[in-house]
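Below: the structure, in structure tokens.
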Amino acid sequence: MKFRSVFDIIGPVMIGPSSSHTAGAARIGRVARTLFGRQPEWARIHLYGSFAETYKGHGTDVAIIGGLLDYDTFDERIKTAFSDADKLGLTYEFIPEEEEADHPNTARIVIGDSQGVMELTGISIGGGTMEVVELNGFPLRLSGHYPALLVVHEDTSGVIASVSNAIASQGMNIAHMEVGRKEKGEMALMVIEVDQMINDQLIHELQSIAHVTQVATLAN
């Protein structure tokens, strides 16, 4: 087994009681909040497997809401996330699902406001780490270990090359890249994790590429 850092072995600094059920859950919620780009007004959280069975006792519920409030794993405010959400007007519902998921610690988070809705499925894989495995119907693998770009574009030739060239022109190295589409010639999604921090110049350049419709970023 390969480890990226010492934290893959000893786990994160976190509010307990469980790295997989609390810290990992908080990170799933926070990634959802970051990709949504603003504070959601409502949330429906579907829980599967072990999450569905133990979410109240292990603090999975309060951790996910804390993440949706942009609290990190070590933020003491996770303990008061429910009351903080109420003060901000964030309404939420937890839905334990009986169907089996591919991973026992799975959460499907649907969040929205008057401007839009986003759906994200994440899994907590242990030690406080997590992966996003689906975003708005697109299967993907996003670890959260690296700064990431999510580029929504029309499925047409030349877009992937243009995006890759723009990243290379900034002296950035691609650590991981995935491309998915729902139907040939329709909407597609690039998920690109890079070794360096993403700057505004790159974002503007990507937004100007023909057939690119949306660019989102995720800091590690």
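The values are calculated or read from the model by the stated rules, or taken from the named source; none is laboratory data. The model shown is predicted, which means the values in this text are computed figures rather than measured ones. Cβ atoms come from the backbone with ideal geometry, glycine included; neighbour counts cover every protein chain shown. For the accessible areas, the whole protein counts, side chains as well, though only heavy atoms, and no ligand, DNA or RNA atoms are used. Shrake-Rupley method; radii C 1.70, N 1.55, O 1.52, S 1.80 Å.
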**OP:** Return yes or no: is LEU140 within 18 Å of the chain's Cα centre (by Cα), under 16 Å from TYR55 (Cβ atoms) and open to solvent by less than 60 Å² (accessible area, probe 1.4 Å)?
**Re:** no
**OP:** With the checklist (1) at negative phi; (2) touching a residue at least 12 places away in the same chain (Cβ under 8 Å); (3) of a type outside the set (Lys, Arg) in hand, flag the one item ASN165 doesn't pass.
**Re:** (2)
Original post:
What are the pairs, 6+ residues apart or on separate chains, where a residue within the stretch 111-136 that is among the charged types (D, E, K, R) has its Cβ under 6 Å from a residue that is in a loop (DSSP other than H, G, I, E, B)?
Top reply: ASP113/PRO40; ASP113/GLU41; GLU119/ASN136; GLU131/SER143
**OP:** Take the residues in the stretch 113-122 that are closer than 30 Å to PHE74 by Cα and either outside any strand (DSSP E or B) or acidic (Asp, Glu) (or both), then tell me which one is least open to solvent (accessible area, probe 1.4 Å).
**Re:** ASP113
**OP:** Working carefully through the options ALA107, ALA148, ALA175, ALA188, find the one that is modelled with pLDDT under 95, within 30 Å of GLY89 (Cβ to Cβ) and either open to solvent by 40 Å² or more (accessible area, probe 1.4 Å) or in contact with a strand residue (DSSP E or B) (Cβ under 8 Å, 6 or more places away or on another chain) (or both).
**Re:** ALA148
Original post:
Give me the pairs: first residue in the stretch 208-220 and farther than 27 Å from ASP70 by Cβ, second residue open to solvent by less than 30 Å² (accessible area, probe 1.4 Å) and part of a strand (DSSP E or B), beta-carbon distance under 6 Å, and six or more apart or on different chains, which are they?
Top reply: HIS211/HIS153
Original post:
Of MET187, MET130, MET172, which residue is under 30 Å from ARG108 (Cβ atoms) and outside the structural domain of HIS103 (by TED's automatic domain parsing)?
Top reply: MET187
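Matching residues to (1) of a type in the set (Gly, Ala, Ser); (2) closer than 23 Å to GLU119 by Cβ:
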residue	(1), (2)
ARG44	no, yes
GLY49	yes, yes
HIS58	no, no
ASP61	no, yes
ILE64	no, yes
GLY67	yes, yes
PHE74	no, no
ALA81	yes, yes
Original post:
Do we find that GLU93 is under 18 Å from GLY24 (Cβ atoms), outside any loop (DSSP other than H, G, I, E, B) and assigned by TED's automatic domain parsing to the domain that holds GLN39 in this structure?
Top reply: no
Original post:
Of all the helices (runs of 4 or more DSSP H) wholly in the stretch 23-68, which have at least 1 residues that are touching a Gly at 6+ places or on another chain (Cβ under 9 Å) and either assigned by TED's automatic domain parsing to the domain that holds GLY112 or open to solvent by less than 10 Å² (accessible area, probe 1.4 Å) (or both)?
Top reply: 24-36, 60-68
